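*Asks:* Next up is a structure, given as structure tokens.
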Amino acid sequence: MMLRNRRNEALFALALIAPFVAIYGLVFVYPTIRLFMISLTDAPLIGHGNFVGFDNYARLSSDRRFGTAVWNTAYFVLITVVPGTLVAFAIALGVNRLAGRLQAAILALFFLPYILPVSVVYLLWDWTLNFQFGIAMYLFDMLGIARIPLFKSTAWFMPAVGIITIWWTAGFSILLFLAGLRTIPTEIYEAAALDNAGRWSTFRRITWPLMWPITALVLTIQLISQLKIFDQVYLFSVGGRPNDNVVLVYYVFQRAFQSDQGGRAAAVAVVLFVIVIVVSVLNFQLTRLSGGRDR
Amino acid sequence: MTATRARRLNAIGLIITVITVFCAIIWAFPLYWAVVSSLKPEHEVVRPYIELWPETFTVSHYVFALTETEIGRWYVNSILTAIAVTVLTVSSSLFCGYAISQLNFPFRNVLWWLILASFMVPVQTLIVNHFELVAGLGLINTWSGIVLPQLIHPVIIIVYKQFFDGVPKDFREAAVMDNASEWRILTKVYIPMNWGVTTALSIVCFIWSWNSFLWPFLAVTKTDMMTITVGITQVNDAFGVYYARQLTAAVLAGLPVAVAYLIFQRRVTEAITLSAGIKG
């Protein structure tokens, strides 16, 4: 009787996991295996190719556009991850002070951009920063700064897209910071107030150390998602200089869908794949280590 | 002495509040500006100075977008594919998360570790192989083709497992005592208990799918099969260089998700913090 129950349970469990396992195998495991296989061939986007060993990888070292893509991706990470996290933290501190309906309304204003599709963000900012009619350019005029065609100039492209990305994604980090701030017991602040601790030392001694785990989490999530940047860079590059602005995913797209070189595209994708996995694993180990020290 | 100090602190607090509110208004200004511009006639939009309010209101751009362009068709594509992604992802994840949390079966831990590991894999690197797969199945330019590669959200399983783990074992034992079948235990006890999470996860899953760009952009080459997120950036002829019309398209594409957020603000917030691994 007991044995039959256990068999029934296992059968029921297998029926429950079957849909997910089928989907997972088809759109995740199989493509991942194919990714590594194709990267060793000279296959076009669709169709078979010959085995070429590590040729596709060897070619990357002398591939100038790959170099540009690596550099641009790193540059983008540099200008978005830490500044974006700091901006979100500052906003969260401000929002956390408010209460009730005002807080909900202000939070909604900061959060709304995050909920919008990238193409809406693109059209919005393309208009706001439009060289001829953009409202930001009137501001430039008023401040006496010469107008800049931001998305057509290589020097300005990444910073501009970086700032727009911070604007777009900060809402997410703000939510995480707010969730963290709410878990700090008010008694700690009351005790600090009794000790006549000033605003700054309260922040330095209490808020900042208690918020560090959340800050680390936000930094990691930001880092990993910015390594995978594509959408904004692609959209703002249209009509500009895509080859100067290329980032890693964009380069995979160019190789595969514009040059019809599936094998070479896959090699680039594998490089990004490995980078992201290494960063994730490193981060996991680091948080485990620091968590161990705290305890 | 302490009274003046307290008053000074209050003054600083007030200043910080004012700065926060001011920043929020600046932050959201581009959104306001797009909506207002879409309600102005084109000649007002390109005036060389800032007008915060339209001189003459017009909805003509909206009438144009909804009648003369393919936006209506794109709406249908977006709604259908986002609903399909949401229903398939949330239901398969719920079942799988429940099985891993509550039932014993062979290779349970292997499956759990695979799911945790896949959480780290960047889906963007699989575009070449997703294209190969979907093209091989003959699904380019179809709804199924748009939906298929979007069905992996391991994080939803992870959230479900955490929730089912949190349900006290007594519920299960009581149900087993009553001779309830496994299916009844799941549908009458565990699912009703977690409606809140299910709603929250469904809403964000819908928003993620509505907003996804890279895959729908690759999977579709015919304009009539595009989702709205892709369509408004790809079909310039439909709108020309009329800025007001482009902004109208942007407002129409963003409106459903913005409204969904404003209605379900608490649920969305909850699901997003949960998906980052924080219990709200």
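Rule-based calculations on the coordinates, nothing more; no lab input. The structure presented is a predicted model; accordingly, all values stated were derived computationally and were not measured. Ideal geometry is used to build each Cβ from the backbone, glycine not excepted, and the neighbour counts take in all protein chains shown.
*Asks:* Rounded if a/c is under 1.5, else prolate if a/b beats b/c, else oblate: with a ≥ b ≥ c from the C-alpha gyration tensor eigenvalues square-rooted, which is the stretch B:1-116?
*Replies:* Numbers: a/c = 4.98, a/b = 1.22, b/c = 4.07.
The shape class here is oblate.
*Asks:* If each residue's Cβ is checked for other Cβ atoms within 10 Å, how do B:Ser91, B:Ser202 rank with the fewest at the top?
*Replies:* Fewest-to-most ranking of B:Ser91, B:Ser202: B:Ser91, B:Ser202.
*Asks:* Using the Kirkwood formula over every pair of different C-alpha atoms, what hydrodynamic radius in Å results for the protein assembly as shown?
*Replies:* 26.0 Å
*Asks:* Listing B:Trp195, A:Trp168, A:Trp208, B:Trp210 from the residue with the fewest other Cβ atoms within 10 Å to the one with the most, what is the order?
*Replies:* B:Trp195, A:Trp208, A:Trp168, B:Trp210
*Asks:* Here's something else I'd like to know. Within the stretch A:9-30, find all residues whose amide N lies under 17 Å from a label point positioned 7 Å from the Cα of B:Asn104 along Cα-to-beta-carbon.
*Replies:* A:9-14
*Asks:* Could you size up the charge dipole of the protein assembly as shown around its Cα centre, putting +1 on the beta carbon of Lys and Arg and -1 on that of Asp and Glu, and report it in debye to the nearest 20?
*Replies:* 1420 debye
*Asks:* Moving on to the next point. Take the Cα of A:Tyr138, step 7 Å along the line toward its Cβ, and report every residue of the stretch B:9-25 whose backbone nitrogen sits under 19 Å from that point.
*Replies:* What the label zone holds, given the 19 Å backbone N cut-off, is B:25.
*Asks:* Classify chain B: rounded, prolate or oblate, from the alpha-carbon gyration tensor (a ≥ b ≥ c, eigenvalue square roots; a/c under 1.5 rounded; otherwise prolate if a/b is larger than b/c)?
*Replies:* Oblate, because a/c is 1.5 or more while a/b does not exceed b/c.
*Asks:* Next question. For the stretch B:26-75, what D do you get in µm² per second when you plug the Kirkwood radius from alpha-carbon pairs into Stokes-Einstein at 25 °C and 0.890 mPa s?
*Replies:* Details: Rh = 12.1 Å.
It diffuses with D of about 203 µm²/s by this estimate.
*Asks:* Return a single number: how many Lys pairs in the protein assembly as shown, at a sequence separation of 8 or more or on separate chains, have alpha-carbon atoms below 22 angstrom apart.
*Replies:* Value for the protein assembly as shown: 5.
*Asks:* Pick from B:Ile185, B:Ile158, B:Ile203 the residue whose mean-square fluctuation is largest in a GNM of chain B, springs joining Cα atoms under 10 Å.
*Replies:* Judging by the Gaussian network model, the answer is B:Ile185.
*Asks:* Over the stretch A:46-141, what per residue volume does the convex hull of the Cα atoms give, in whole Å³?
*Replies:* Spelled out: Cα convex hull of the stretch A:46-141, divided by residues, is 232 Å³.
*Asks:* Mind running the shape call on the stretch B:71-124? Use the C-alpha gyration tensor, a ≥ b ≥ c as the square roots of the eigenvalues: rounded below 1.5 for a/c, prolate if a/b tops b/c, oblate otherwise. Each step should come with its number before you reach the end.
*Replies:* Details: a/c = 5.78, a/b = 2.09, b/c = 2.76.
Cα axes put the stretch B:71-124 in the oblate bin.
*Asks:* Within 10 Å of each Cβ of A:226-233, how many other protein chain Cβ atoms are there on average? Could the numbers behind the result be given before it?
*Replies:* Values: counts 0, 2, 5, 1, 5, 8, 1, 0.
The mean count of partner-chain Cβ atoms within 10 Å per residue comes to 3.
*Asks:* Using only Cα atoms, locate the centre of the stretch A:236-278 and the centre of the stretch B:86-163, then give the distance between them in Å, rounded to an integer.
*Replies:* 24 Å
*Asks:* Neighbour counts of other C-beta atoms within 10 Å: give me A:Val270, B:Val36 arranged from fewest to most.
*Replies:* Ranked by crowding around the Cβ, least crowded first: B:Val36, A:Val270.
*Asks:* With springs only between Cα atoms under 10 Å apart, run a GNM on chain B and tell me which of B:Ile232, B:Ile19, B:Ile83 wobbles the most.
*Replies:* Its mean-square fluctuation being the largest, the pick is B:Ile19.
*Asks:* Please compute, for peptide B:68-77, the average count of beta-carbon atoms on other protein chains lying within 10 Å of each residue's beta-carbon. Can you show the working numbers first?
*Replies:* On the way: counts 0, 0, 0, 0, 0, 0, 0, 0, 0, 0.
Average neighbour count from other chains, rounded to a whole number: 0.
*Asks:* Averaged over its residues, how many other protein chain Cβ atoms are within 10 Å of peptide A:243-253's Cβ atoms?
*Replies:* Working: counts 0, 0, 0, 0, 0, 3, 5, 0, 0, 5, 6.
Per-residue shielding by partner chains comes out at 2.
*Asks:* Could you rank the peptides A:123-136, B:92-105, A:193-206 by their average count of other C-beta atoms within 10 Å per residue, with the highest value first?
*Replies:* Those peptides, ordered most packed to least, come out B:92-105, A:123-136, A:193-206.
*Asks:* Pick from A:Ala15, A:Ala43, A:Ala192: which residue has the top mean-square fluctuation in a GNM of chain A where Cα pairs under 10 Å get a spring?
*Replies:* It is A:Ala15.
*Asks:* Continuing with this model, one more query. Label points 7 Å out from Cα along the Cβ direction at B:Leu255 and A:Asp42: separation in nm?
*Replies:* 5.4 nm
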